[in-house]
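**Q** Structure incoming, see below.
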Amino acid sequence: MESPEKKDAAAAFGEAVGIMARLRAPGGCPWDREQDFDSIKRHTLEETYEVFDAIERRAWPELKDELGDLLLQVLFYAQMADEAGYFSIADVAAGLNAKLIRRHPHVFGTVDAADSDTVLRNWEEIKREEKQAKGPELGTGLLSDVPRSMPAILEAQKLGSRAAKVGFDWPDANGLFAKMDEELEELRDEAKGGEKTKVRAAEEFGDLMFTAINLARHLKIDPEGALRAANAKFRRRFAAMEKQAAGSDALAQCNPAQLEALWTEAKRVETEA
């Protein structure tokens, strides 16, 4: 027998599915009825980052709302797919259920997995078998199922992790520190050429970023989270500079030395707080 919580969740989810169908039906919401897969894509990305932001700020009531907004994206896509005859939200849930059971044979089957490393190895092997079963048109290379459309930082993480599975990786972080120095020097050389070497400088900058992301992987640092934290820190310190200068207009009148002094003071106050 299902617990009351599971019944409530199923009822709430069913109601959400019905509301989405009503919004898209004749006589529903004009805006919702006008949307298609491409017009909704950017909202999905925005909602995903808003979920990240709520988690990073430990804003749990906001996270509940943001997860609802993210769920709306799933319901929207599934409803449009249902209307087109591609699949339904029930197909999405059934596919997910089957995948979770299939990829957790240590829970739902007889496979032993005493630690998380074993679980991950089993998971990757099952994924590889699934990919091969889908046919050669999807590609069978180790990197073939890493989407080119995902954010570049995440794509670089996945590419480095996949290549490492066959030993194509630096043995430790020390090699990556040396590689960072090498890439930085190459970028510095190309940047000296100005417009004449702009394309090559962009390529070297990309190499530097790719190396930095692989360094983060070796150091077990989430590069996306680290960059978002750095962005948040810059926002705080710049806001402190504006406050010290009595506003952005006054800040704009400061010379470089004054700006540097304001920045240093903002760092000192935040560090000592």
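The values are calculated or read from the model by the stated rules, or taken from the named source; none is laboratory data. This is a predicted model, so every value here is computed, not measured. Every residue, glycine among them, receives a Cβ derived from its backbone with ideal geometry; neighbour counts consider all protein chains shown. What goes into the accessible areas is simple: the full protein's heavy atoms, side chains included, and nothing from ligands, DNA or RNA. Shrake-Rupley method; radii C 1.70, N 1.55, O 1.52, S 1.80 Å.
**Q** Let a ≥ b ≥ c be the square roots of the eigenvalues of the Cα gyration tensor of region 147-273; is it rounded (a/c under 1.5), or, if not, prolate (a/b larger than b/c) or oblate? Don't skip to the end; give the middle numbers.
**A** Working: a/c = 2.47, a/b = 1.70, b/c = 1.45.
The shape class here is prolate.
**Q** Work out how much length residue 58 to residue 34 would gain on full extension: take 0.36 nm times their residue separation and subtract the Cα-Cα distance, in nm to one decimal. Before the final figure, lay out the partial values.
**A** Details: separation 24, 0.36 × 24 = 8.64 nm, distance 3.54 nm.
Additional length available on full extension: 5.1 nm.
**Q** Could you order the peptides 7-20, 106-119 from most to least packed, using the average number of other C-beta atoms within 10 Å per residue? Walk me through the intermediate numbers first.
**A** On the way: 7-20: 12.9, 106-119: 10.9.
So the order, starting with the most tightly packed, is 7-20, 106-119.
**Q** Relative contact order for the chain: what percent, with Cα pairs under 8 Å and sequence separation of 6 or more? Mind showing how you got there, number by number?
**A** Values: 149 pairs, mean separation 22.9, N = 273.
Relative contact order comes out at 8 percent.
**Q** Just the number please: accessible area per residue for region 120-273, 1.4 Å probe, all protein chains included, in Å².
**A** Values: 10610 Å² over 154 residues.
Roughly 69 Å² per residue, with all protein chains present.
**Q** Is the shape of region 59-105 rounded, prolate or oblate, going by the alpha carbon gyration tensor and its root eigenvalues a ≥ b ≥ c, with a/c under 1.5 for rounded and a/b larger than b/c for prolate?
**A** Taking the square roots of the gyration eigenvalues as a ≥ b ≥ c, region 59-105 is oblate.
**Q** Taking 7 Å along the Cα-to-C-beta vector as the label spot, tell me the residue 258-residue 226 distance in nanometres, rounded to one decimal.
**A** For residue 258 paired with residue 226, the spin-label model returns 3.6 nm.
**Q** I've got another one for you. Which value, in debye to the nearest 20, gives the size of the charge dipole of the chain about its Cα centre, when Lys and Arg are +1 and Asp and Glu are -1 at the Cβ? Please list the in-between numbers first.
**A** Numbers: 38 positive and 51 negative charges, 32 e Å.
So the dipole magnitude of the chain works out to roughly 160 debye.
**Q** Modelling each spin label as a point 7 Å along the Cα-to-Cβ direction, I'd like the residue 7/residue 174 distance in nm, to one decimal.
**A** So the label points at residue 7 and residue 174 sit 6.3 nm apart.
**Q** With the crude spin-label approximation of a point 7 Å out along Cα→Cβ, what separation in nm comes out for residue 46 versus residue 104?
**A** Using points 7 Å along Cα→Cβ, the separation is 3.4 nm.
**Q** Here's something else I'd like to know. According to the square roots a ≥ b ≥ c of the eigenvalues of the Cα gyration tensor, what is the shape class of the chain, taking rounded for a/c under 1.5, prolate for a/b larger than b/c otherwise, and oblate for the remainder? Kindly include the intermediate steps, with their values, before the conclusion.
**A** Numbers: a/c = 1.93, a/b = 1.34, b/c = 1.44.
The shape class here is oblate.
**Q** Further, regarding this structure: Need the full-extension length gain, residue 70 to residue 233, defined as separation in residues times 0.36 nm minus the C-alpha distance. One decimal, nm.
**A** Numbers: separation 163, 0.36 × 163 = 58.68 nm, distance 2.65 nm.
That pair, residue 70 and residue 233, stretches by 56.0 nm at full extension.
**Q** Here's something else I'd like to know. At a threshold of 8 angstrom on Cα-Cα distance, excluding pairs fewer than six apart, so keeping six or more, what relative contact order does region 1-74 reach in percent?
**A** Numbers: 25 pairs, mean separation 15.2, N = 74.
Relative CO of region 1-74 lands at 21 percent.
**Q** As a test of the formula, what do you get for the chain when each DSSP H run with n ≥ 4 contributes -39,500 (n - 2.57) and the sum is divided by the residue count, at 222 nm and rounded to the nearest 500 deg cm²/dmol?
**A** Details: 13 runs with 204 residues, N = 273.
After summing the helix terms and dividing by the residues of the chain, the value is -24500 deg cm²/dmol.
**Q** Also: Suppose R0 equals 51 Å; then what is the FRET efficiency for residue 195 and residue 113 from their Cβ-Cβ distance, rounded to the nearest 0.05? Show your work: numbers first, answer last.
**A** On the way: r = 56 Å, r/R0 = 1.10.
Computed FRET efficiency for residue 195 and residue 113: 0.35.
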